[in-house]
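Engineer: What follows is a single structure, and I will ask about it in a moment.
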Amino acid sequence: MLEKQSPPPQGTDISDTDRPPEELAKEMTSLALEKKRAQKQAAKKRAAAAQARTGPAADPVYAPARQARRKSRHLGMMLSFVLLVLLPVSGAGYYLWEHAQDQYTSDLGFTVRSEEAPSAVDLLGGLSSLSNSSSSDSDILYEFIQSQEMVKRVDDQLGLHAMYSLHHDIDPLLSLPKDSSIEDLVRYWHRMVLISYAPGTGLIELKVKAFTPQDAQNIAQLIFTESSKMINQLSAIAREDAIRYAREELDQVVEQLKTARQNLTAFRSRTQIVDPSADIQLQMGLLNTLQQQLGNELINYDVLLINIQPNDPRLEQSEQRIAALRARIAQEREKFGSGGDAADGEDYATLVAEFERLTVEQEFVEQKYSGALKNYDIAQAEAQRQSRYLAAYLAPTLAESPQYPRRLLLLGLTALFSLMVWSTGCLLYYSLRDRR
């Protein structure tokens, strides 16, 4: 059965039916696209002509807004504002103006000074400074004022517990509890004693707070007194250390000098020689005398040989004297050589070497003793002429009006933080609500 062939589209040449189907499909697609473009352009021209006849298009008209209505979330926000902002601010204001007690301040400023008077021992080369710099002393005082030791000293003399806990029943937030421990008192001390320290200059400034002007001034004055005692103790320790080191060195050198002198005395007692050099000179003089006598006797002997007979007794006597002189000279010379018996079975060479060693040791220790004695004298002079003291450039002041608590500042900070907490909570609520 033959299929029915569709007629060729309009505008298509009959002769094109012989072309491949792919080319025919492409040509039909392009014709369809051109037809759609022509339709769009015609629609735009018709819309432009209609707009030109009717004028510009009117603005769209929206439906009127509905009247705002109160909802539960609005009431919640108002309630949260009252709870998180108004109530805390009102409570803080009521407490600050009705219960918080006035606090008075006493200002104090001081620094550590070191004075050194000129001394004659400086010409001999004095020791280095016995004290540390004022900056180091100020560092020590800065820590000492904040320490438990300072708090305990002030408490023992002024009764800080009773002073700071006097208004605890009325003002529990800004007062010290009555049953507080020493650790609680130290923490409260850091709130009531404000310290400012400049390490480069060594200046320390204090602002002492109390519930009465006189108490604040008394605490500041006692802090200054105890700090002065601490500086005096440091100075005394430094002076004592310097003198003690010099004294210990001097004692050691004295013992060495005693030992050296005892060794030299033992040598003289053992050898029965005070000075081997002087003894050698005596021995040399004796040896020279014997040699001179030997020379004279030899001359006499030669003269006798010429003038008398060989069997003359005088020749024999002269020979005996010559032999005795030669024996004595040899014996004296042996004392200077090894194996001699100058003293205690030792020769002069050994004795002189030992004597020189002992003498050099004694001279060296004597020089050390002179240096140690001079250093000790200098240390004493330095300790006596150097002093460190606390210089107050701002004496403890007596207040006439209270400076603390700063009610307006505390009330403003309370309102600021309360408002920040409330606004942050609102933003978080609405951000979570918008995400749903």
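Here, each number is a calculation from the coordinates, and none is a lab measurement. What you see is a predicted model, and the numbers here were worked out from it, not measured in a lab. A quick note on method: Cβ atoms are made from the backbone with ideal geometry, for glycine too, and the neighbour counts reach across all protein chains shown.
Engineer: For labels at residue 293 and residue 75 in the simple 7 Å Cα→Cβ model, what's the distance in nm?
Structural biologist: Here the modelled spin labels are 14.9 nm apart.
Engineer: Can you tell me the length gained on complete extension of the stretch residue 86 to residue 317, counting 0.36 nm per residue apart and subtracting the Cα distance?
Structural biologist: Full-extension gain reported as 68.5 nm.
Engineer: Under 25 Å Cα to Cα from residue 207, which lysines show up? Leave out anything in the same chain fewer than 8 places away.
Structural biologist: Here the lysines satisfying the reach criterion relative to residue 207 are 152, 178, 229.
Engineer: Hey, fewest Cβ within 10 Å first, where do 312, 137 land in order?
Structural biologist: Sorted ascending by nearby Cβ count, the order is 312, 137.
Engineer: Quickly rank 202-214, 247-259, 30-42 as a protection proxy: mean count of other C-beta atoms within 10 Å, highest first.
Structural biologist: 202-214, 247-259, 30-42
Engineer: What's the exposure ranking of 306, 299, 223, going from fewest to most Cβ atoms within 10 Å?
Structural biologist: 306, 299, 223
Engineer: Follow-up question, since we're still on this one. Under a cut-off of 17 Å between alpha-carbon atoms, report the lysines in cross-link reach of residue 258, not counting same-chain residues fewer than 8 places apart.
Structural biologist: 368
Engineer: Here is a follow-up. Measure off 7 Å from each Cα along the Cα-to-Cβ vector at residue 156 and residue 428, then give the distance between these two points in nanometres to one decimal.
Structural biologist: Simple spin-label model gives 5.2 nm for this pair.
Engineer: Cross-link candidates for residue 36: which lysines have Cα within less than 28 Å, leaving aside residues fewer than 8 places away along the same chain?
Structural biologist: Those lysines meeting the cut-off are 26, 44, 45.
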